[in-house]
1. What do you reckon, is Val102 modelled with pLDDT of 90 or more and either touching a Leu at 6+ places or on another chain (Cβ under 6 Å) or in a loop (DSSP other than H, G, I, E, B) (or both)?
2. Of everything in region 1-46, what is within 13 Å of the chain's Cα centre (by Cα), of a type outside the set (A, V, I, L, M) and outside any helix (DSSP H, G or I)? Give them in sequence order.
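The values are calculated or read from the model by the stated rules, or taken from the named source; none is laboratory data. Just so we're clear, the structure is a prediction, and the values are computed from it rather than from any experiment. Please note: Cβ atoms are built from the backbone with ideal geometry, for glycine as well, and neighbour counts cover all protein chains shown.
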Amino acid sequence: MKQKYCNCHNTLTVKQCIMALKDEVVEFIQEPSLDEFSDIIYCVNRFAGTITKQPYLKVLPGDKTHVDKIRKRMMMYGCIRSTKHLVKGRCPNGSLNPIQTVIGKQFKWN
Ligand SMILES: [Zn+2]
């Protein structure tokens, strides 16, 4: 079954991959955790996707934590990214699955 994600999960450019990977490595250095490590693995798999012209290609194991996390985010507010990237509680790239009404209040967006 094909998992539905928001437009943030479209195939990234090489530049976007490098930026994302850099951000994740910085986050991992600042706060080392299995969760952040999983984010790095996920970025590498998205980079592999970019090279092969698709959103994601699993070349490294270990990003299950991140995949579970983005699935949960899709269910909660319709975007794979963390709440700090959202614009007015919504996916900055347009969501395929906008479900964010009631849950939005928990996050107190401006
Ligand atoms: Zn999104």
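1. Details: modelled with pLDDT of 90 or more: no; either touching a Leu at 6+ places or on another chain (Cβ under 6 Å) or in a loop (DSSP other than H, G, I, E, B) (or both): yes.
Spelling it out, it is not the case that Val102 is modelled with pLDDT of 90 or more and either touching a Leu at 6+ places or on another chain (Cβ under 6 Å) or in a loop (DSSP other than H, G, I, E, B) (or both).
2. Of everything in region 1-46, those that are within 13 Å of the chain's Cα centre (by Cα), of a type outside the set (A, V, I, L, M) and outside any helix (DSSP H, G or I) turn out to be Lys4, Tyr5, Cys6, Asn10, Thr11.
Here is a yes/no grid of residues against (1) surrounded by fewer than 13 Cβ atoms within 10 Å (Cβ to Cβ); (2) more than 16 Å from the ligand (Cβ to nearest atom):
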{"residue": "Val14", "(1), (2)": "yes, yes"}
{"residue": "Val26", "(1), (2)": "yes, yes"}
{"residue": "Ile29", "(1), (2)": "yes, yes"}
{"residue": "Asp39", "(1), (2)": "no, no"}
{"residue": "Cys43", "(1), (2)": "no, no"}
{"residue": "Thr52", "(1), (2)": "yes, yes"}
{"residue": "Leu57", "(1), (2)": "no, yes"}
{"residue": "Lys64", "(1), (2)": "yes, yes"}
